[in-house]
1. Going through 462, 422 one at a time, which residue ends up being in contact with a Leu (Cβ under 7 Å, 6 or more places away or on another chain) and part of a loop (DSSP other than H, G, I, E, B)?
2. Say we look at segment 72-121 and pick out the residues that are on the phi > 0 side of the Ramachandran plot and either in contact (Cβ under 8 Å) with a residue 24 or more places away in the chain or in contact with a Cys (Cβ under 9 Å, 6 or more places away or on another chain) (or both); which of these is surrounded by the most Cβ atoms within 10 Å (Cβ to Cβ)?
3. Look at residue 157 and say whether it is surrounded by fewer than 17 Cβ atoms within 10 Å (Cβ to Cβ), more than 30 Å from residue 12 (Cβ to Cβ), outside the structural domain of residue 426 (by TED's automatic domain parsing) and of a type outside the set (Asp, Glu).
4. Could you check segment 406-424 and list, in sequence order, the residues that are aliphatic (A, V, I, L, M) and in contact (Cβ under 8 Å) with a residue 40 or more places away in the chain?
5. How many residues does segment 102-130 contain that are among the small types (Gly, Ala, Ser) and either part of a helix (DSSP H, G or I) or touching a Leu at 6+ places or on another chain (Cβ under 6 Å) (or both)?
6. From (1) in contact with a helix residue (DSSP H, G or I) (Cβ under 9 Å, 6 or more places away or on another chain); (2) without any contact (Cβ under 8 Å) to a residue 60 or more places away in the chain; (3) surrounded by fewer than 23 Cβ atoms within 10 Å (Cβ to Cβ); (4) not β-branched (Val, Ile, Thr), pick out the condition that doesn't hold for residue 128.
7. Of the residues in segment 1-41, how many are among the aromatic types (Phe, Trp, Tyr) and surrounded by fewer than 20 Cβ atoms within 10 Å (Cβ to Cβ)?
Amino acid sequence: MTAAYLPELARVVGPGTVITDPEQLDVHAHDLWPVSAKEYLQGRHPHRPDAVVRVTDESQIPPMLVWAAERKVPVTPRGLGSGVTGAAVPVHGGIVLDLSALAGIVDLDETDLTVTVRAGTRGDTLEDALAERGYTLGHSPQSLPLSSPGGWVATRAIGQFSSRYGGIEDLVVSLTVVLPTGETVRLPRVPRAAVGPDLKHLFLGAEGTLGIVTEVTLRIFPLPEHRTVQALRFPDVASGIEAMRHITRAGLRPFLVRLYDEDESRIAMNDGSFDGCALFLGSEGVRAVAEAEQVTALDCCTRFGGERLGPEPAQRWLDHRYDVSALESLLRHPGGLVETIEVAHFWSRIHRVYADLKDALTPLAGVLGHFSHVYSHGTSLYLILVGEAADDAAVQRRLTEIWTAAMEICLEHDAAISHHHGVGIARLPYLRRALGEGATTVLHRVKAALDPAGVLNPGKLGTDRPHSEVQH
């Protein structure tokens, strides 16, 4: 943006909304992607915006987008900035649209079990408010205290209890979205419909490239009357995977199913001498149903060598599951390396993906792995990588090696290159191969139709490709 644009922008969005403080611009040039975090720690801000617009009302957004489209000024939506792939990084500068003040519950319907909430509402604030009334979102990403419903929609997020409650795509009932051309779209609020395509899926996972989500209606659930958890030991990863597969094959939906490999099990069990793989298993809901489900799930585990260890380790994890202070401390340390990579595949192929990733990445960092979101046909694999390098610049180079190795292995195995963190910048070089040419063409055509000026979060999802290159 030119300097002359700033007074114009202030007139469009209102006084006190446009922020140009250098420190704030630096903060909004980054999200929590470790590569971006390391740039921030080094005082490097290669994607610094020209201004931050912090809106407090949905009505401020349409005129701003019309203004930006007329002047070809990039606009990057940002919720609470907790993404870990660079999706909220303004790669072309321009405006960062800060939605964090667009917060609060709009409506709670205790009959239909829905809550309508503004997009920037903090996840833990929302969950606490629901709990006071006897409800839960059923959505508990590790980033709950740092993330918002708008961000969950943008990244197609998932919570730690997804095996019972589903991912965000299962929880969203309706969306309000401002299109890049300034129109506001309020999608129908119904339990299900067969009136053409379900258009909310157009915006789920779009990382703010197709529209700005301002309001979300979500399913909620009564707080469970009973919860039971158990920790188990398996001799190896393969036997634990088989137990999880048979739990889902039986149609069971425990809220907690987490299998750790040998290295992460020692951390999960808080026991450096622990031998084998730990699995945390839990059921909740109506007491009789939850207890019956847990008994059946434990029987599945026993058939594949699972040994019960008692509820304490699983309960300890539940009590501390949002605490990532150790990883944050390592990331802030000069030369400290931290990264997370989550992928997914069918049951028949996930162990080979795990083994190849472990072999390829171990020379580059310490590799911890767990399987934490299960389906009847497959599961996710979550890797935590930790280590040290000479300095933060060396960490960034090492992270590039890690991402290259991990993505190439996933593509070789036809695995999903992301399960729930999204694409952002980290996975962008691999997007076309992961989607295929046909699907990539569809994505570009949708982008061209909804955002003809190409101003909304450019540089994401490969949508910077000139429209003339798209085959019509």
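The values are calculated or read from the model by the stated rules, or taken from the named source; none is laboratory data. Keep in mind it's a predicted model, so treat the numbers as computed, not measured. We place every Cβ from the backbone using ideal geometry, glycine too, and count neighbours over all the protein chains shown.
1. When all the criteria are applied, what remains is 462.
2. Ranking the qualifying residues of segment 72-121, first place goes to 86.
3. Answer is no for this residue.
4. Correct list: 406, 409, 415, 416, 417, 423.
5. Residues meeting the conditions: 4.
6. Exception for residue 128: condition (1).
7. Result for segment 1-41: 2.
Let's see how each residue does on (1) under 19 Å from residue 371 (Cβ atoms); (2) touching a His at 6+ places or on another chain (Cβ under 7 Å); (3) not hydrophobic (A, V, I, L, M, F, W, C):
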{"position": "226", "(1), (2), (3)": "no, no, yes"}
{"position": "254", "(1), (2), (3)": "yes, no, yes"}
{"position": "263", "(1), (2), (3)": "yes, no, yes"}
{"position": "267", "(1), (2), (3)": "yes, no, no"}
